[in-house]
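Chemist: Questions regarding the structure given below will be posed in turn.
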Amino acid sequence: MFFTLLNVVLPVFIVVGLGYVLTYRKILSAPQIDGLMQFAQGVAIPILLFRAMASFDLNAGFEASLIITYYTSASIGFLAGALGARIFFKRPWEDCVVIGFCCLFANTLLLGVSITERAFGPDSLTGNYAILAVHSPFCYGVGITAMEVLRNRDKGGLRIATAVFKAMFKNMLILAILCGFLFNFSGLVMPSAIDDALAMVARSGLPLALFALGGVMVRYRPEGDLRTIAMVCAIVLVLQPAIVWILGTQLNVPHDLFRSALVTAAMAPGVNCYVFANMYGRAKRVAASSVLLATALSVVTILGWLSLLH
């Protein structure tokens, strides 16, 4: 079984590793990697999400027990990261929000969808897309609101609400999800020629983004703050999937949705954690190093969680 699971997980990380090696060896430059990532995150993946939400079975996917299970785990992760950074490492509150965000914003799309699809097949992604539909709005809503409350605690609530609204609706992933839902609710049918063209672009999104993710990681060196980074890794790779396992079992989440929730909860922090840290100029080294180290460690931990599902 070990080798079967390894064959599921390893190709995803080989693509990431290939991007890392080619960039490290300077066969590809940083601007080229940035261009690939911009295309993947700004064009191909939004199209992928739009198509997924446009054809999403709302009745089958939005199982309340799934959403409660996953986002209870994510919320506990955010609080554990933020409070742990404050209590144990005496970080400023703004840093604590960024560290909590690293525990909240998992790599649900690039790694979560890829590994779930390889492990259980392309028809197993209903739960993943249900989580994704809420993920960016929820995570950015929590992170931006917490940060803006801290930064504007002497000012009115209108300024906080305006800052949150602007940040949310600049995000292409959120816009793609909303547009997909609107198309779904409209009852319109996509012309086959347009749908086929969108599908061609969408298929390039995940492998291209995984490759570029490896290239981006070359810039981030795991240095300093090692105890804080270790805490983040423990929360995202062990605590959160454990909470999903316990809570999902208690709430009787349907098996196919439970698998999606567990695999997603077991993912390392996404690159958006560094984007969030960079946006506010706080705890950038912790965010970048957490993404890098947790992604490397997740090769082992994901195998462990997958073995429990077989």
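The values are calculated or read from the model by the stated rules, or taken from the named source; none is laboratory data. Keep in mind that what you see is a predicted model, and the values were worked out from it rather than measured. Here the Cβ positions follow ideal geometry from the backbone for every residue, glycine too, while neighbour counts run over all protein chains shown. Surface areas here come from the heavy atoms of the whole protein model, side chains and all, with no ligands, DNA or RNA. Shrake-Rupley method; radii C 1.70, N 1.55, O 1.52, S 1.80 Å.
Chemist: Before I look further, what does the chain give for accessible area per residue, probe 1.4 Å, in whole square angstrom? List each step's numbers first, then the result.
Modeler: Numbers: 13830 Å² over 310 residues.
Per-residue accessible area for the chain comes out at 45 Å².
Chemist: Would you work out what percent of the accessible area of the chain, with all protein chains in place, is carbon or sulfur (probe 1.4 Å)? Each step should come with its number before you reach the end.
Modeler: Working: 9120 of 13830 Å².
Ligands and nucleic acids excluded, carbon and sulfur give 66 percent.
Chemist: Roughly speaking, what is the stretch gain from Val189 to Val238, that is 0.36 nm per residue apart minus the C-alpha to C-alpha distance, in nm to one decimal? The partial results should precede the final answer.
Modeler: Details: separation 49, 0.36 × 49 = 17.64 nm, distance 4.26 nm.
Answer, rounded to one decimal: 13.4 nm.
Chemist: Hey, another quick one. Starting from the amide H of Asn107, placed 1.01 Å from N in the peptide plane, find each other amide H under 5 Å away whose residue is 5 or more places distant or on another chain.
Modeler: For Asn107, the qualifying residues are Ala268, Gly270.
Chemist: Quick one: which of 235-243, 282-290, 19-27 comes out on top by average Cβ neighbours within 10 Å, and what's the full order, highest first?
Modeler: On the way: 235-243: 22.6, 282-290: 24.2, 19-27: 15.3.
The peptides rank, most packed first, as 282-290, 235-243, 19-27.
Chemist: Quick check on the chain: helices-only [θ] at 222 nm, where DSSP H runs of length 4 and up contribute -39,500 (n - 2.57) each and the sum goes over total residues. Nearest 500, please. Don't skip to the answer; put the middle values down first.
Modeler: Values: 17 runs with 236 residues, N = 310.
Estimated from H runs of four or more residues: -24500 deg cm²/dmol.
Chemist: Ordered by residue, what ³J(HN,Hα) values in Hz, to whole numbers, does the stretch 15-22 give under the Karplus form 6.51 cos²θ - 1.76 cosθ + 1.60, where θ = phi - 60° and Gly and Pro are x?
Modeler: 4, 4, x, 4, x, 5, 5, 5
Chemist: Could you tell me which residue out of Tyr70, Pro92, Leu48 lies farthest along the dipole of the stretch 38-116 toward its positive end? Charges go on the beta carbon: Lys and Arg +1, Asp and Glu -1, centred on the Cα centre.
Modeler: Pro92
Chemist: Name the residue from Leu111, Tyr20, Ala283 whose Cα lies farthest towards the positive end of the charge dipole of the chain, charges +1 on Cβ of Lys and Arg and -1 on Cβ of Asp and Glu.
Modeler: Comparing the listed Cα positions along the dipole, Ala283 ranks first.
Chemist: How would the chain be classified by its alpha-carbon gyration tensor: rounded, prolate or oblate, with rounded meaning a/c under 1.5 and the a/b versus b/c comparison settling the rest?
Modeler: On the way: a/c = 1.22, a/b = 1.15, b/c = 1.06.
Here the chain falls in the rounded category.
Chemist: Order of 70-81, 298-309, 264-275, 134-145 by packing, highest average Cβ count within 10 Å first?
Modeler: On the way: 70-81: 22.2, 298-309: 16.8, 264-275: 26.2, 134-145: 20.2.
Going from most to least packed, we get 264-275, 70-81, 134-145, 298-309.
Chemist: So for each of 37-46, 210-219 I average, over its residues, the number of other beta carbons within 10 Å; can you give me the resulting order with the highest mean first? Walk me through the numbers before you get to the answer.
Modeler: Numbers: 37-46: 19.1, 210-219: 22.0.
Descending packing order for the listed peptides: 210-219, 37-46.
Chemist: Let me ask you something else. Kindly identify the stretch 90-136 as rounded, prolate or oblate by the Cα gyration tensor criterion: order the square roots of the eigenvalues as a ≥ b ≥ c, call it rounded if a/c is under 1.5, otherwise compare a/b with b/c, prolate if a/b is larger, else oblate.
Modeler: Values: a/c = 5.51, a/b = 2.87, b/c = 1.92.
Prolate, since a/c reaches 1.5 and a/b exceeds b/c.
Chemist: Further, regarding this structure: By its C-alpha gyration tensor, with a ≥ b ≥ c as the square roots of the eigenvalues, how is the stretch 200-310 shaped: rounded for a/c under 1.5, else prolate for a/b larger than b/c, else oblate?
Modeler: Numbers: a/c = 2.11, a/b = 1.38, b/c = 1.52.
Oblate.
Chemist: Roughly how many nanometres apart are two label points built 7 Å out from the Cα toward the Cβ at Ala230 and Val299?
Modeler: Result: 2.1 nm between the two label points.
Chemist: Output the relative contact order of the chain, whole-number percent, from Cα pairs under 8 angstrom with separation of 6+ residues.
Modeler: 35
Chemist: For the stretch 174-186, take each phi angle, set θ = phi - 60°, evaluate the Karplus expression 6.51 cos²θ - 1.76 cosθ + 1.60, and give the result in whole Hz per residue in order, putting x for glycine and proline.
Modeler: Per-residue couplings from phi come out as 5, 4, 5, 4, 4, 5, x, 5, 4, 5, 4, 5, 5 Hz.
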